[in-house]
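Each reported figure results from applying straightforward, stated rules to the coordinates on display, with no laboratory input. Just so it is clear, the structure is predicted and the values come from calculations on it, not from any experiment. When we count neighbours, we look across all protein chains shown, and the Cβ atoms used for this are built from the backbone with ideal geometry, even at glycine.
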Amino acid sequence: MEKINYDFKSRTAIVTGGAQGFGFDIVKRLLKSGAKVIIWDNDPKATEIAIKDLDSPNLSSHVVDVSNYVEVDKIVKEITKGSNIDILINNAGITGPTATLWEYDIEVWKKVVEINLMGTFNCCRSIVPNMIKNNYGRIVNVASVAGKDGNANASAYSVGKAGAIGLTKSLGKELADKNIAVNAVTPAGAKTRILDQMTKEHVQKMLSKVPRGRFLEVEEFTSLICWLSSEENTFSTAAVFDISGGRSTY
C-alpha cells in the first residue's frame, strides 16, 4: 500500500522517544513530508545512530529526560528563541517490569509513571504557550490500550497511560477555541523494542487479546499519527483514537 505523505513544510515537530521504535518511524515520515524535526530522547547512543541513519539537514536532537520539567522547559526556551513548535508527539515511554501491584518496587513504579504521565504533562505544559501565541498546534499523546483496559501485572504502565488519556481530554477542551488539536492514540502491542522489556508469557497474553491475531505494524501506527498531526485534522480534538486490531472497541 502506498503511504500518504502530508504537507508538513514550514512546520517544526518535536518527537519524544524519537530515536527508536514508533518514534523513529514517525520522525522519518515527518522528514519525508517536509517538516523540521527535533528528536528528544534520553539515550545518547540511540540518538546519535538515528541522526546518522536519517542524515537530514532538517533533523536535530536533544538528549532529554522528559520527566524533568526544568530540563524540558530550558530546551523549549532555547528552541522557541528562533522557531515555533508546531507539532508535539509525546511518544517517550517505558513499560517497566511485570509484577503484581503489591510486589511492585515502589521507586520503579514511580519512575514508570513519571515518564509515561509526568513526561507528557511536562512537555505539554512547557510547549503549549508557544502554540497559543501562534494559534496553531497539533499534539498527539501516545497512550495504550493498557490505559483503557488495565493490564494485569503492569499497574504502573496502565496508570501512566490512563493518566495520559485523561490529560488529553482535559487539555483538548482547554484549547478547543484555538487552532490547536490535542489527541491521544491507544495502540495494542506492536513490533518494537518495547516488547523486549516484557516476558514471553506477557507478550503472548497481549497477542491473544487482539482479534486480528497479529501485532500492530509500526507503519500503520505512523500513518494515524501523521494525520492527527496534519492541517487536515481540523476538527478532532480531546479524542482517543484506537489502533488495537479490535481489542478495544470504545
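Taking strands (runs of 3 or more DSSP E) as the structural unit, those lying wholly within segment 14-97 and holding at least 1 residues that are surrounded by 16 or more Cβ atoms within 10 Å (Cβ to Cβ) and charged (D, E, K, R) correspond to 36-41.
Would you be able to say whether some residue in segment 180-194 is more than 24 Å from Gly18 (Cα to Cα), of a type outside the set (S, T, N, Q) and surrounded by 15 or more Cβ atoms within 10 Å (Cβ to Cβ)? No, segment 180-194 contains no residue that is more than 24 Å from Gly18 (Cα to Cα), of a type outside the set (S, T, N, Q) and surrounded by 15 or more Cβ atoms within 10 Å (Cβ to Cβ). Set side by side, the residues Ala176, Ala156 differ, and just one is hydrophobic (A, V, I, L, M, F, W, C) and over 30 Å from Ala35 (Cα atoms), which is Ala156. Do you know which of the residues in segment 88-106 that are of a type outside the set (Val, Ile, Thr) and under 8 Å from the mean Cα position of the chain (by Cα) is nearest to Cys124 (Cα to Cα)? Filtering segment 88-106 for residues that are of a type outside the set (Val, Ile, Thr) and under 8 Å from the mean Cα position of the chain (by Cα), the one nearest to Cys124 (Cα to Cα) comes out as Asn90. What number of residues within segment 114-164 are within 23 Å of Asn42 (Cβ to Cβ), of a type outside the set (Ser, Thr, Tyr) and touching a residue at least 24 places away in the same chain (Cβ under 8 Å)? Total meeting the criteria: 27. Annotation note: Cβ proximity below 7 Å between a residue of segment 33-46 that is free of Cβ contacts under 8 Å to residues at least 40 places away in the same chain and a residue that is surrounded by 23 or more Cβ atoms within 10 Å (Cβ to Cβ) and assigned to a strand (DSSP E or B) (sequence gap 6+ or interchain) occurs for Val37/Ala13; Val37/Val15; Ile39/Val15. When Lys173 is tested against the conditions (1) under 17 Å from the mean Cα position of the chain (by Cα); (2) within 29 Å of Tyr6 (Cα to Cα), the lone failure is (1).
Scanning segment 177-221 for residues that are part of a helix (DSSP H, G or I) and under 22 Å from Ala238 (Cβ atoms) yields a count of 1.
For segment 222-248, the set of residues classified as closer than 22 Å to Tyr157 by Cβ, part of a loop (DSSP other than H, G, I, E, B) and not charged (D, E, K, R) consists of Ser244, Gly245, Gly246, Ser248, listed by residue number. Tell me, please, whether a residue that is on the phi < 0 side of the Ramachandran plot, surrounded by 21 or more Cβ atoms within 10 Å (Cβ to Cβ), among the polar types (S, T, N, Q) and touching a Pro at 6+ places or on another chain (Cβ under 8 Å) can be found in segment 226-235. There is no residue in segment 226-235 that is on the phi < 0 side of the Ramachandran plot, surrounded by 21 or more Cβ atoms within 10 Å (Cβ to Cβ), among the polar types (S, T, N, Q) and touching a Pro at 6+ places or on another chain (Cβ under 8 Å).
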